[in-house]
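Note sheet for the following structure.
Readers should treat all values here as calculations from the given coordinates under stated rules, not as data from a laboratory. Not measured: the values here are computed from a predicted model. Heads up, the Cβs are rebuilt from the backbone with ideal geometry, glycines too, and the neighbour counts pull from every protein chain shown.
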Amino acid sequence: MQSTSLLAVVAGYSLLFVVSSNLRQERRLQAYQQQANALIEQQRLISPSGTGLSTLDMQLSLMDSGRESAPQLQLEADGSAWMVSRQWLNRPGRSPLVEVRQNITPQWRQDRTDQLLLVAAAGGSMLFTALLLRLVLQRGLMVPLSALREQLNRLEADSLNQAPIALSRQPRELQPIAEAFHDLQSRLAKAWEQERFFVDGVAHELRTPISVISGHAQQLSDQPLPPSLQPPLALIEAEAKRMGQLLRVLLELARNDSGRLTLAMQQLDPEDLLLVAYERLLPLAPDRLQLAAPSPTALMPIDADPDRLQQCLAALVENAIAYASGPIQLFASAEPDRVVLHVQDQGPGISDQEKTKVLERFTRGSTATGTRGSGLGLSLVQQLIGLMGADLLIADAPGGGADVQLRFQRLETTAGVAVAAGSP
């Protein structure tokens, strides 16, 4: 927009410059032609042997040879400007060639001065226009656009309905864009709400029949059955259990999306947490799951929901069992302002390009090819850990493999009161 306006100003002054120059030239030629014709007519009336006439600013001289020429500007070495033309005298008898010269130095210099003033005015106008347009664009477009962009960047899926775009605060030029974004925001909020209700409803509706299937499968497994029925029954029981876990994850995600997920935060000892997790999860991989020796120095407590944290540790251990080989080690470490819980395996690890991608819902890494999974486990862990004020980090384990870290802010105990490290 600014470039277009400047081009318009340049084009306008260029047209004014050309038109002004042409008009001055036309008037100068007309005046010269009138005076030249009058002087030539006087010369025609005098005797053939008479010399050329002259006036205050025009000179007429007779030439024996040459060619006619239209009026043209000639600049002399001394800086003077002359209008010169030649034509035949056309009188009876001898017809000499007449050269008419007019000194137009004052007019020519005045024209040059006027042109320079016009160029200076054009330059000043363009500079003023550029500054004015910059100010107008900055206040009328750039600032509102920046505010609109920041407002859009703050939007989250859960808050689409809570932070609508303020249409009345937008300038007239941005009203159509703001209205389009507002309509899109409303449609997205409605679609997200419908999807959330659908997932929540499906999870609730399927939980009961899957529980019934799992319960009957367990009852049948306790009874003597023919050998041919035992593998199918074991498969039914395993699939029912897997579907139950998947529904549990979906319910947790639906509760978190709707803001109905509540946490019971407590001050917890990291070593005790890992010991409880190890004892609970050891039957899943008794030959692979390992618990590192406690830290030589006592670790500071962390603030977390014990049940949700155990759920997160279980999801990470199950991932390591499914997608990695070799030992899986649980241990805790301390940093200046963090207490870190580690679930470390010796598998293929996760590439740097996929470490963020695998935290998205229904997304699995390339190393999970050939294994079964929903791609929801790490996503749920990240959301639960975030609600506890901690971070989930996927690092590389020494010697290969993945080191999944739950990084909690360390609590300092002062006079029986626990405060976060670094808090005032």
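Points to keep in mind about this one:
- Placing dummy labels 7 Å off each Cα toward the beta-carbon, the span from L263 to L132 is 5.8 nm.
- Here each label is just a point 7 Å from Cα along the line to Cβ, and for R24 and S146 those points are 4.5 nm apart.
- Ranked by the mean number of other Cβ atoms within 10 Å of their residues, highest first, the peptides 341-348, 113-120 fall in the order 341-348, 113-120.
- Chymotrypsin sites (Phe, Trp or Tyr not before Pro) lying in DSSP loop within the stretch 59-133, provided at most 10 other Cβ fall within 10 Å: none
- Take the Cβ atoms of L393 and S295, set R0 to 22 Å, and the FRET efficiency comes out at 0.70.
- With eigenvalues of the C-alpha gyration tensor scaled by 5 and rooted, the stretch 164-247, Å: 55, 10, 6
- Loop sites in the stretch 260-322: trypsin sites (Lys or Arg not before Pro), DSSP, at most 14 other Cβ within 10 Å: R260
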